[in-house]
Amino acid sequence: MFKPELINSIKTYNTKTFISDLIAGLIVGIVALPLAIAFAIASGVNPAAGLFTAIIAGFCISAFGGSRVQIGGPTGAFAVIVYGVVAQYGLSGLATATVMAGIMLILLGAFKMGGLVKFIPYTIVTGFTAGIAVTIAAGQLGDFFGLRPDFSQPMMILGEEYSKMPGDFLPKIIVYIRSASSFNLYSTIMAAVCLAFIFIWSKFIKKIPGSFVVIILATVVSIILEKTAGLHTDTIGKFADGSQHFVIPNTLPKPQLPALSIKTITTLFPTAISIAVLAAIESLLSAVVADGMIGTKHDSNTELIAQGIANIASPLFGGIPATGAIARTATNIKNGGKTPVAGIIHAITLLIILLFAGKYAAYIPMAALAAVLINVAWNMAGFPAIRALLKGQKSDICVFAVTFLITVFVDLTVAIEVGLGFAAFFFIKKMIDLSEVQNQRETITGGIRKDQPAENLDIPANTFVYEIEGPLFFGTVRKFELATERAQSDCKYLVLRMRNTIYLDAGGIKALEQCKAACDRKGITIVISGIHTQPYLLLEKTGMADKLGRENIFDNITDALNRCRK
């Protein structure tokens, strides 16, 4: 049954909660303003489309979603797809593909398919996220250095003719190199100072985002220097030479249905699948992160239906694809957001800004927006996750590298398909290689020993024992979620019995980290029992053994329970 989280939240709503939601919603709305504009420009559309998306989709995701604190809107992950679709099919083609993706998302949620997204390996998600980050950063080099490519005559690049900025990574870099003579020192200095400001600001002030502050300061400085020193740089409203760039309206457009002919639907069907898959992955990842921060559980199927509604409504009002935004969701939580009302207030805040101050957005320097997007790309790349992966198994590194490279140089959809193929191949190979070890139940923490029989276990009253059957890989991480959910309030120790777990991968390590974070919030200590060679070696290699505490890892259940008892 479709039941948005907003309905559940209203039952116990009070004035104190509303004040918290109001403050959080206002702050997130301010945070979302420069990001919505920046993501729209990175996607090759009018910056107003980003605001329309944040308002319409942001409202729908909060009003109909299955998470208490999810904030939706345009994100950097879509920039690569949207840019390519607009370049090939125009805005009408993008609107059609987005509506189709919205319908797919609703069907996924209606048929209870939300859990399937969790079967996409962690290595693939890390790979395409890093690839998208590189592509976003590369797309900002032109504005960062003030380059003005000349397409008055079509450019021949790698055997293809381009009459405007290409969407692919390599041709785009070649265009920038050929346009080096148009380098603008003033724009470069402004972008570099803005980027440094954002990095330094985030070290000292967490509540107010540096991106919002730098946009205001850069706009004021740009106006002053233009009037006093005659220095010019591209802004949202006009190019440095005074020609028109973008027009920012001060109202929402009238809703308009996109073209949905059979030919158009057939042509854009693969693109719609890419948008739907990416929206599903990113929104549910964001919801999971939010669950970890506030200790609740979202409804993944309801969330998918909300994402579908948002992606149908957004293009009707001139918007682009939307999904749950991890950074804005985290900002909502850190500023006291309690219920979906905060997300609705965030959308209303953006609407008010559009109506009464939208025209001033035309003065924002493109160099400052480039700095904001490069900072987003840096945070999005996930360097800690990449470093952890590089310390792991060669198969995980291979899947990550293949997904990353194909995302950057080919296409996101192809990257996910090939990544899934590689992940499946390596998993099957590992299962074949480890099939003989399963019967031996070998451990190395105390030499090669047999685990104790399960009968007549003397389990302490404050201890919960959970046995994991089979390998813990990207398809079985839900077992850890169940373990933490079932742990009673008086539980002090969670014993994860792994005598039948002969294989662990990067997804399993990530699940173990999430399990530990959830247990730490509840004051629960994790104790590992009956661990085998491959899982233990991976715990050692990734540093997870130290995080769990080596004193909490045992090769048999008796010692593990004695540890809990003591």
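Annotation: region 172-216 has a Kirkwood hydrodynamic radius of 12.3 angstrom, from the mean reciprocal C-alpha pair distance.
Determine the sum of side-chain charges near Ala191: Lys and Arg each +1, Asp and Glu each -1, restricted to other residues whose C-beta is under 14 angstrom from that of Ala191. Show your work: numbers first, answer last.
Details: positive: none; negative: Asp143, Asp234.
Computed value for this residue: -2.
For region 184-250, trypsin sites (Lys or Arg not before Pro) meeting the loop criterion (DSSP other than H, G, I, E, B) and having at most 12 other Cβ atoms within 10 Å: Lys206, Lys207.
Probing with 1.4 Å while keeping every protein chain in the model, the per residue accessible area of region 277-369 equals 29 Å².
If you take all other residues with their beta carbon under 15 Å from the beta carbon of Ile10, and give Lys and Arg +1 and Asp and Glu -1, the sum is +3.
The lysines whose alpha-carbon is closer than 24 Å to the alpha-carbon of Lys206, local same-chain residues fewer than 8 away aside, are Lys16, Lys334, Lys338.
Per-atom-type breakdown for region 259-362 gives carbon and sulfur 74% of the accessible area (1.4 Å probe, protein chains only). Take every Cα pair under 8 Å whose residues are at least 6 apart in sequence, average their separation, divide by the length of region 1-159, and the relative contact order is 20 percent. Pairs exceeding a 24 Å alpha-carbon distance, out of Lys492/Lys516; Lys112/Lys547; Lys164/Lys238; Lys297/Lys391: Lys112/Lys547; Lys297/Lys391. Loop sites here are GluC sites (Glu not before Pro) outside DSSP states H, G, I, E and B with no more than 15 other Cβ atoms within 10 Å. The longest part of the chain free of them is 1-435. Using only alpha carbon pairs under 8 Å that are at least six residues apart, calculate the relative contact order of the chain and give it in whole percent. Here the relative contact order equals 24 percent.
Size check on region 237-396: the Cα extents along the three principal axes, sorted descending, read 54, 42, 38 Å. For the chain, the mean residue ellipticity at 222 nm estimated from helices alone is -20000 deg cm²/dmol, where every DSSP H run of n ≥ 4 contributes -39500 (n - 2.57) and the total is divided by all residues, rounded to the nearest 500.
Between amide H atoms placed 1.01 Å from N, distances below 5 Å from Ile553 occur with Ile528, all of them 5 or more places distant or on a separate chain.
Taking 25 Å as R0, compute the FRET efficiency from the Cβ-Cβ separation of Arg178 and Gln88 and round it to 0.05. Efficiency, rounded to the nearest 0.05: 0.65. When the alpha carbon gyration tensor of the chain is reduced to an equivalent ellipsoid, the three semi-axes, largest first, read 45, 26, 23 Å. Under the membrane-span-like helix rule (DSSP H runs whose alpha carbons stretch at least 27 Å along the helix axis, mean Kyte-Doolittle hydropathy -0.5 or higher), the chain yields 15-42, 79-110, 185-204, 262-294, 412-434.
Residues of region 228-252 with backbone nitrogen within less than 17 Å of a virtual label 7 Å along the Cα-to-Cβ line of Asp150, please, listed as ranges. Residues 240-241 fall inside that zone.
Of all beta bridges that DSSP places with both ends in the chain, some 35 percent have antiparallel geometry. Only protein atoms count toward the accessible area here, which uses a 1.4 Å probe; on region 496-566, the carbon and sulfur part of that area reaches 48 percent.
Averaging the Cα positions of each part gives two centres, and for region 504-558 and region 112-148 these lie 29 Å apart.
Can you give the FRET efficiency to the nearest 0.05 for Ile216 and Leu107, using r as the Cβ-Cβ distance and R₀ = 41 Å? Numbers along the way, then the final one.
Working: r = 43 Å, r/R0 = 1.04.
With R0 = 41 Å, the Cβ-Cβ based efficiency is 0.45.
Taking amide H positions as modeled 1.01 Å from N, with prolines and chain starts lacking one, the residues under 5 Å from Glu467 and 5 or more places away or on another chain are Arg497. Inter-part distance, region 1-36 to region 309-373, computed on C-alpha centroids, equals 14 Å.
The values are calculated or read from the model by the stated rules, or taken from the named source; none is laboratory data. The shown structure was predicted, so the numbers you read here are calculated from the model rather than taken from an experiment. Glycine also receives a Cβ, built like all others from the backbone with ideal geometry; neighbour counts cover every protein chain displayed. Side chains are part of the model used for accessible areas, which takes the heavy atoms of the whole protein and leaves out ligands, DNA and RNA. Shrake-Rupley method; radii C 1.70, N 1.55, O 1.52, S 1.80 Å.
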